[in-house]
Amino acid sequence: METNYWQIDQQQVGQSQAIEQAAALLQQQQVVAFPTETVYGLGADATSKQAVDKIFQAKGRPADNPLIVHIANREQIKEYVTSIPAHAEKLIEAFMPGPLTVILEHNGTIAKNVTAGLSTVGIRMPDHPVARRLIEVSGLPLAAPSANQSGKPSPTTAKHVYDDLNGRVAGIVDGGPTGVGVESTVLDCTQDIPVILRPGGITKEELEEVLGTVMLDPALAKTGDKPRAPGMKYTHYEPEAPLWLVKGDAAFFQAKIDQYREQGYKVGVMVSKELATQLQAETIKVCGSQADLTQVAVQLYDTLRAFKISDVDIILCESFPEQGVGQAVMNRLTKASSRIVRN
Ligand code: AMP
Ligand code: MG
């Protein structure tokens, strides 16, 4: 398949021919990748089973992993759900548009393969001018997972999307690098006390400021439990080389670099700029600062993608504090890793 590629200036979305063309493809049941404030999404008409099937095919995504429905204004939500509980109303008011997905009981309007046959649907309103304009002009709710090949790190630039999906999708709208860098927080709002099924761009602390108590799906803490967000059980975010997550100080980190190098591994290192100054290794990639986890989130997937199997056999990665957006960062790094190296 020939993939259309459009570059868009975010300031000019109102006059963009590219948006019109991309929207027309979506109306013809094709799939198109577009930027959001979190990561790039791969969109299709969420009311069409046939269109949504193409998302699963292009990504190689397991069919039991449901998709999030993207809308352009808050009013649209009630078209797809049975009711909006009071706590969900508060969240919609506070965090939409933004990196929050609310899980509500659906009313059957959305295609069944979007929700993987569940009684609920995840809905979010992206805070990105290109995404919102594309949804508006298409006149469709857009089912959109991250626009990567299933299992790989999510895309934060159009180049990442191109590398994974060129020839497999009808179009890619390039609106520059995304802002937040990690995906939306997925929050189950079908219970009295909302439950975070996937940590993301809106932090637990931010949610609790609005709602009081919010719970974390216990499966997020324990590896043995079956997670309730179906997608959380698959391998995800994997770079080309195995990633080992290191839990320990700089001296321990250096000892491990030396040990694996002696064992014959070409060792790559992914760390904050603070730790980087204390380590000696052949390949060191910096993913932000310990003092600013927001920046680590922004750079996370691009840094994971920058390690090439031709250069490194393993990647040793720093562990970050699980506070604020650090919770989402550590969730992704833990899922990306095949081993924990600790004292
Ligand atoms: P992605 O589209 O790659 O950002 O992943 C979407 C995430 O939201 C996956 O972890 C899904 O399992 C989760 N999700 C989507 N819809 C639902 C739902 N109705 N109930 C629970 N989790 C959901
Ligand atoms: Mg994804």
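Could you calculate the contour length gain from residue 17 to residue 47, that is, 0.36 nm times the residue separation minus the distance between their Cα atoms, to one decimal place in nm?
Contour length minus the Cα-Cα distance gives 8.3 nm.
For the chain, with a Gaussian network of springs between Cα atoms less than 10 Å apart, report the residue from 153, 242, 35 with the top mean-square fluctuation.
Highest fluctuation of the listed residues: 242.
Using the beta-carbon distance between residue 215 and residue 262 and R0 = 51 Å, what value does 1/(1 + (r/R0)^6) give for FRET efficiency, to the nearest 0.05? Before the final figure, lay out the partial values.
Details: r = 45 Å, r/R0 = 0.89.
Efficiency at R0 = 51 Å is approximately 0.65.
If you roll a 1.4 Å probe over the chain with all protein chains in place, what percent of the accessible area is carbon or sulfur?
Carbon and sulfur: 47 percent of the exposed surface of the chain.
Restricting to lysine pairs 8 or more places apart or on different chains, what number in the range 1-139 have Cα atoms under 17 Å apart?
Lysine pairs meeting the criterion: 4.
Can you list the lysines whose alpha carbon sits under 16 Å from that of residue 335, skipping same-chain ones fewer than 8 residues off?
Candidates past the 8-residue exclusion: 152, 222, 226, 233, 247.
So, for the chain, what is the accessible surface per residue at a probe of 1.4 Å, expressed in square angstrom?
42 Å²
So, counting K/R as plus one and D/E as minus one, what does the shell of residues with Cβ under 11 Å around residue 5 add up to? Don't jump to the answer; show the numbers that get you there.
On the way: positive: 159; negative: 2, 174.
Around residue 5, the charge tally is -1.
The values are calculated or read from the model by the stated rules, or taken from the named source; none is laboratory data. Keep in mind it's a predicted model, so treat the numbers as computed, not measured. Cβ atoms come from the backbone with ideal geometry, glycine included; neighbour counts cover every protein chain shown. These accessible areas exclude ligands, DNA and RNA; they are computed on the full protein's heavy atoms, side chains included. Shrake-Rupley method; radii C 1.70, N 1.55, O 1.52, S 1.80 Å.
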